[in-house]
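Q: I have a structure here, written as structure tokens, and I will follow up with some questions on it.
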Amino acid sequence: GRRASSWEGNPQRSMELHGEAVRADSTFAMAHAALAVNFFNRGDAELGMAAAERALRFSERLGEFERARIEATYHLARRDYPESVRALQRALAIDSLNHASLNNIALAFDQMGDTARAREYFERAVRADTSRFFAYTNLGEHLVLEGRFEEAERAMEQAVARAPRAAWPNFSLAQLPHVAGNSAEAERRLERLIEDPSMPPGTKNAAEARY
């Protein structure tokens, strides 16, 4: 599913770096928030919620921008999407081009069923920083839900170009034909991922699970 940001398309490395950071400084609120995102992205809601709560607890000494982003992470973790939107709007009032905030407010609007606002912010996230893969992938998956498969394919191709070995964009692009009604092409794409020697185990495992 669509996700919040994680470091360079390598969530394991992100977990290691931020884990080291909180071991060095247990009050490092932004590192706790990053860990929360990674825990939720891998489906570990309990650890994600605990990390989000720690981030919020240690956020008082931060500036308004960082505090608003941490509050948004906490409310996303609780699935309180309107409160998350309000916090992210505060962050974007300070930095309107912040890529993670644009991506995450799009995710919140998406969960609230506001399709138009979600697409608007996914597109703004892409324009704000064209080097990041995750907003392209989120935009592509959002366009799939709207039935706009050709646009979704272009967005996902851009994501893969930016993170050519990451599991999530590769898997999303490979699965797209299946959603569009062409299961045979999806199987061919998954097979290519499995057989590609440059792909890391995580990408191959995701492909093999659906092949």
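Q: Please go through the stretch 22-40 and pick out each residue that is open to solvent by 40 Å² or more (accessible area, probe 1.4 Å) and in a helix (DSSP H, G or I).
A: Correct list: ARG23, ALA24, MET30, PHE40.
Q: Considering the stretch 184-211 alone, what residues qualify as being open to solvent by less than 70 Å² (accessible area, probe 1.4 Å) and either in contact with a Gly (Cβ under 7 Å, 6 or more places away or on another chain) or hydroxyl-bearing (Ser, Thr, Tyr) (or both)?
A: SER198, THR203
Q: In the stretch 87-117, which residues are surrounded by fewer than 16 Cβ atoms within 10 Å (Cβ to Cβ) and of a type in the set (A, V, I, L, M)?
A: Matches in the stretch 87-117: ALA93, ILE94, LEU97, MET112, ALA116.
Q: Can you list residue pairs whose Cβ atoms sit under 9 Å apart, with the first residue in the stretch 182-211 being over 13 Å from PRO164 (Cβ atoms) and the second being of a type in the set (Phe, Trp, Tyr) and assigned to a loop (DSSP other than H, G, I, E, B)? Count only pairs 6 or more apart in sequence or on different chains.
A: So the pair list comes out as GLU187/TYR211; LEU190/TYR211; GLU191/TYR211; ILE194/TYR211.
Q: I would also like to ask the following. For residues that are under 21 Å from PHE109 (Cα atoms) and open to solvent by 40 Å² or more (accessible area, probe 1.4 Å), tally how many sit in the stretch 50-75. Show your work before the answer.
A: Within the stretch 50-75, the subset under 21 Å from PHE109 (Cα atoms) is 52, 65-75.
Checking which are open to solvent by 40 Å² or more (accessible area, probe 1.4 Å) leaves us with 66-67, 69, 71, 74.
Matching residues across the stretch 50-75 total 5.
Q: Pairs under 7 Å by beta carbon, first residue of a type in the set (D, E, K, R) in the stretch 95-124, partner open to solvent by 50 Å² or more (accessible area, probe 1.4 Å), six or more apart or different chains?
A: ASP110/ARG2
Q: Kindly list, by first and then second residue, each pair from a residue in the stretch 31-48 that is under 17 Å from GLU20 (Cα atoms) to a residue that is of a type outside the set (Ser, Thr, Tyr) and assigned to a loop (DSSP other than H, G, I, E, B), limited to pairs with Cβ atoms under 7 Å and residues at least 6 apart or on different chains.
A: Filtered contacts from the stretch 31-48: HIS32/PHE58; VAL37/ALA4.
Q: Between ARG61, ARG23, ARG67, which is of a type in the set (D, E, K, R) and either under 15 Å from the mean Cα position of the chain (by Cα) or modelled with pLDDT of 90 or more (or both)?
A: Only one candidate passes the filter, namely ARG67.
The values are calculated or read from the model by the stated rules, or taken from the named source; none is laboratory data. Here the structure is a predicted model, which is why all the values come from computation and not from measurement. Quick reminder, even Gly has a Cβ in these numbers, built from the backbone with ideal geometry, and neighbours come from all protein chains shown. The area values use the complete protein model at the heavy-atom level, side chains included, leaving out ligands, DNA and RNA. Shrake-Rupley method; radii C 1.70, N 1.55, O 1.52, S 1.80 Å.
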